[in-house]
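A.B. asks: My questions will all concern the structure given below.
The values are calculated or read from the model by the stated rules, or taken from the named source; none is laboratory data. This structure is a prediction, so every number in the text was calculated from the model and none was measured. All Cβ positions, even for glycine, are placed from backbone atoms using ideal geometry, and neighbour counts span all protein chains on display.
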Amino acid sequence: MKYGHEYTEALSEFPTDWVSAAVSYRALKKCIKQVERELAQYGLDAETLKTLDSSFGVRKTSDGQRGDVASSAFTPELWVAVDETTGQFLHAGLTRTTKQYLDRRRSTLSLGKKFDDLTIDAPYPTEKPPSTDIDVPVPSRAVWKQIPLTTVTTFFDSLDPALAGLESIQEQESTRLKSKIVGLGSEISSSTNAPSSAKSSVVKASKKDMRVWRQVFELYLETPIFFSTHEVDHGSRSYTKAKEQLQLFSNRLVELGLVKKFRNPTSRSAFNSFVALNLDILRIMHFEEMNALAVRKILKKFDKRTNLGASKAYRNASTNAAGPLARSIAKDMCAEIQTNVLVVVPQLDDYLCPVCAELAWKPIKLGCCNAVFCIRCVIHLQRNDETRCPMCRSPSVPVADSSRIDKATMDQMLKYFPKETKIKQAANERAAGMDIIQPTDQTFSLLNRDMPPPDADLHPVATGPAKKIVDDHQAQQDLKLYAGWFCPFVQRTWTVLEEKKIPYQYIEVNPYHKPASLLSLNPRGLVPTLAYDSKPLYESVVIGEFLEEAFPDHKPHLLPSDPYERARTRIWTDYCTSRIIPAYHRFLQCQDKGAELETLRDEFLGHLKEFAREMDGEGPYFGGSEVGLIDLVVAPWAVRLWVFDHFKGGNGIPGAGQGGDDEALWSRWRKWVEAISSRPSVKNTTSEREFYLPIYQKYAEDRAQSELAKATRKGRGVP
């Protein structure tokens, strides 16, 4: 099939107004035949014109304001130099003002069919005509003859409006697409940023959709469709390549199942709009590329038949397969999508430290340029005596301190990348801890001085009643308790020792400064650790049972003497450790403020009700009137229920008379809490509340680095 037929069939797929503005390939072919015949009338066929100087041909000029094809004035007026004696062709050229000449002289010029019959009407008959671009010498006997090419005027009068129409279509489509892009950006923004007053389920869906959109846009940037910034294939894509890239992007979306992950209906609608937008850009690219190819082919055919060099005049329109219009659409729309759509969902790459290529947390601006570095990298630069900024080389590193922390960027990272921020914060705290545990000669930096170590918020010793207990147990004993005053697992063991009045030596341990004596007993350095005749024991429940059995003369007895009741106690002790404690921390470490938080609250309360259901009906303790090991196992978390009131809006335990159908269970629970909280062993091993606050704030913000906090984040139980 000839190209003309292919072109006509391809145009049938586009809107009617586009087709009417397209280049009329068949009509222009007819014009070329007319030009051929006109030149042949003067004996200037293509073969003859080829023998003339290479500077011969059609030229376009600019009107001084626009340089595009549609606004150019072409010169279909031919000046020919002939030998006055022999009549032989010596040279030919076209003036820049042919159209004006032609309009003024067309009615008066009378040309014969033979070149010999031409009249010399030019104002400079024996000289080189003005405004030609012909700079070759001609013999003095040369005579210039002027030939107006009427059919060439017809050809360009047909081509120029077609190109202007294409530019008009481009402007219309650009305006329409830009409007769609702005609307799409607003649609995505509304679907990923639910107002604080919205229902918790809507807020939760928006946060999850934000993560999905981020994945979609990461994939979109990794698979450049219309315009590539890669070094190998940078620049605009052709229609064929863009279509391949769009298909590849679509396939990868399906493979990852990203579209199915959208929770908000608005996000699904916005995604459909995003796909439709890309298809629209692809369609206009196809249309412009087809027309650019048609222009290139018709000009090539024009030059082949006439040798007038029209392609040079339209070089910008015919150089690239995609054409200038398609390139403009691709580049402009890529810029619009980047500005109005992609920025709606911040990308992690925009917040990376240029030194370590990880999240720049905490973000430091040195003040010399806009680069943002993570605090650890700046600390390393200061330690290594690096003075210059890695980006702009200004000597700004030595004076960097905590005042250079970019609070606004910090807030954005916490909002958009909470998970990545927590991971980097944990890494920073570990690194700061290593600086303390394994100091070197290069640990000082202004930022290190200003950035608190991981244990900065940890009060070094017990306070209140617990401090007196600690002070009373500093003497050397065979039984040594390595403890941390704040740790609920330590308090389990501590209350057993206090209940049974077993002599022991209390040794306070800072988790970031573990003494060698502890590490020699427990390589993990965890507390509580018990040294009995220099032999180690750890795991709080195991230690409790050991103390009960190793010191039988010390009362009260914390385990029942009846084998069945003892076994039953162990079952529910395990329930407390494997159900209640993990649920407590999942509830406390939850970052969602909506449905997920309520689900975890209900889970925690459900475990408390099960525990209360198994309690002795008379109480006040789990097994009856006497305190037992199981009571002391749960007690540390019972006296810390206030943290939910402080950080999570309440623990959800109903007050007196508010338990509904479960009032009997909750009444039993409240009675138990009151009894265990008032036990001297529990009260005297509890420090003042204000010193627990910074510790449990880290748990509430899911920043704690204890083994329990890490296990909770990974969905595991008590380690």
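A.B. asks: Hey, PRO453 hits all of (1) modelled with pLDDT of 55 or more; (2) more than 19 Å from PRO398 (Cα to Cα) but one; which does it fall short on?
C.D. replies: (1)
A.B. asks: Something else now. Pick from ILE379, ILE375: which is of a type in the set (A, V, I, L, M, F, W, C), touching a strand residue (DSSP E or B) at 6+ places or on another chain (Cβ under 6 Å) and touching a residue at least 60 places away in the same chain (Cβ under 8 Å)?
C.D. replies: Criteria check complete, one pass: ILE375.
A.B. asks: Here's a follow-up. Does region 371-420 hold any residues that are among the β-branched types (Val, Ile, Thr), assigned to a helix (DSSP H, G or I) and surrounded by fewer than 20 Cβ atoms within 10 Å (Cβ to Cβ), and which are they?
C.D. replies: Just the residues of region 371-420 that are among the β-branched types (Val, Ile, Thr), to begin with: 372, 375, 378-379, 387, 397, 399, 405, 409.
Now drop any that are not assigned to a helix (DSSP H, G or I), which leaves 375, 378-379, 409.
Residue satisfying the conditions is THR409 alone.
Quick grid of which residues meet (1) in a loop (DSSP other than H, G, I, E, B); (2) touching a Pro at 6+ places or on another chain (Cβ under 7 Å); (3) modelled with pLDDT under 75; (4) closer than 24 Å to LYS514 by Cβ:
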position	(1), (2), (3), (4)
LYS424	no, no, no, no
ASP435	no, no, yes, yes
VAL461	yes, no, no, yes
GLN477	yes, yes, no, yes
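A.B. asks: So, in region 530-576, how many residues would count as being in contact with a Gly (Cβ under 8 Å, 6 or more places away or on another chain) and among the basic types (Lys, Arg)?
C.D. replies: Selection size over region 530-576: 0.
A.B. asks: Select from region 663-682 the residues that are of a type outside the set (S, T, N, Q) and either loosely packed, with under 15 Cβ neighbours inside 10 Å or part of a loop (DSSP other than H, G, I, E, B) (or both) and list them in ascending order. Break it down into steps so the answer makes sense when it comes.
C.D. replies: Of the residues in region 663-682, the ones of a type outside the set (S, T, N, Q) are 663-666, 668-676, 679-680, 682.
Once the filter is applied, which keeps residues that are of a type outside the set (S, T, N, Q) and either loosely packed, with under 15 Cβ neighbours inside 10 Å or part of a loop (DSSP other than H, G, I, E, B) (or both), region 663-682 yields GLU663, ALA664, GLU674, ARG679, PRO680.
A.B. asks: Among the residues of region 250-266, what is the count of those that are crowded, with 16+ Cβ neighbours inside 10 Å and farther than 16 Å from GLU218 by Cβ?
C.D. replies: Count: 3.
A.B. asks: Does region 609-630 include one or more residues that are closer than 23 Å to ASP592 by Cβ and hydrophobic (A, V, I, L, M, F, W, C)?
C.D. replies: No, region 609-630 contains no residue that is closer than 23 Å to ASP592 by Cβ and hydrophobic (A, V, I, L, M, F, W, C).
A.B. asks: Restricting the search to region 613-666, which residues are within 29 Å of GLU549 (Cβ to Cβ) and among the hydrophobic types (A, V, I, L, M, F, W, C)?
C.D. replies: MET615, PHE622, VAL627, LEU629, ILE630, LEU632, VAL633, VAL634, ALA635, TRP637, ALA638, VAL639
A.B. asks: Suppose the filter is touching a residue at least 60 places away in the same chain (Cβ under 8 Å) and assigned to a loop (DSSP other than H, G, I, E, B); does SER687 pass it?
C.D. replies: Yes, satisfied.
A.B. asks: Shifting gears a bit: Are any residues in region 613-622 of a type outside the set (Ser, Thr, Tyr) and surrounded by fewer than 21 Cβ atoms within 10 Å (Cβ to Cβ), and if so, which ones?
C.D. replies: Selection gives ARG613, GLU614, ASP616, GLY617, GLU618, GLY619, PRO620.
A.B. asks: If you go through region 220-234 one residue at a time, how many are surrounded by fewer than 16 Cβ atoms within 10 Å (Cβ to Cβ) and either free of Cβ contacts under 8 Å to residues at least 60 places away in the same chain or touching a Pro at 6+ places or on another chain (Cβ under 9 Å) (or both)?
C.D. replies: 7
A.B. asks: Residue check, ALA711 against (1) at pLDDT 90 or above; (2) within 41 Å of the chain's Cα centre (by Cα), all met but one. Which one?
C.D. replies: Evaluating ALA711 over (1) at pLDDT 90 or above; (2) within 41 Å of the chain's Cα centre (by Cα) leaves (1) as the failure.
A.B. asks: Among the residues of region 635-652, which ones are outside any helix (DSSP H, G or I) and either at pLDDT 95 or above or not assigned by TED's automatic domain parsing to the domain that holds GLY544 (or both)?
C.D. replies: VAL639, ARG640, LEU641
A.B. asks: Can I ask one more? In the list LEU558, LEU632, LEU608, LEU547, which residue meets the criterion of being part of a loop (DSSP other than H, G, I, E, B), surrounded by 15 or more Cβ atoms within 10 Å (Cβ to Cβ) and modelled with pLDDT of 95 or more?
C.D. replies: LEU558
A.B. asks: Sort out which residues of region 184-207 are among the small types (Gly, Ala, Ser), surrounded by 15 or more Cβ atoms within 10 Å (Cβ to Cβ) and modelled with pLDDT of 70 or more, and write them in order of number.
C.D. replies: GLY185, SER189, SER190, SER191, ALA205, SER206
A.B. asks: I need every pair where a residue in region 410-424 that is over 19 Å from THR712 (Cβ atoms) and in the same structural domain as LYS365 (by TED's automatic domain parsing) has its Cβ under 8 Å from the Cβ of a residue that is surrounded by 15 or more Cβ atoms within 10 Å (Cβ to Cβ) and among the β-branched types (Val, Ile, Thr), sequence separation at least 6 or different chains.
C.D. replies: Taking only residues 6 or more apart or on different chains, the pairs are MET413/THR421; LEU414/THR421.
A.B. asks: Only one of these is assigned to a loop (DSSP other than H, G, I, E, B) and free of Cβ contacts under 8 Å to residues at least 12 places away in the same chain: ASP616, ASP592. Name it. So that I can check it myself, show each step before the final result.
C.D. replies: On the way: ASP592 fails: free of Cβ contacts under 8 Å to residues at least 12 places away in the same chain.
Residue meeting the stated conditions: ASP616.
A.B. asks: In region 342-358, which residue that is out of contact with any Ser or Thr (no Cβ under 7 Å at 6 or more places or on another chain) and in a helix (DSSP H, G or I) is farthest from ALA270 (Cα to Cα)?
C.D. replies: Step one: list which residues in region 342-358 are out of contact with any Ser or Thr (no Cβ under 7 Å at 6 or more places or on another chain), which gives 342-343, 346-358.
If we keep only those that are in a helix (DSSP H, G or I) as well, we get 342-343, 348-351.
Details: LEU342: 13, VAL343: 15, LEU348: 22, ASP349: 23, ASP350: 23, TYR351: 25 Å.
In this case the residue turns out to be TYR351.
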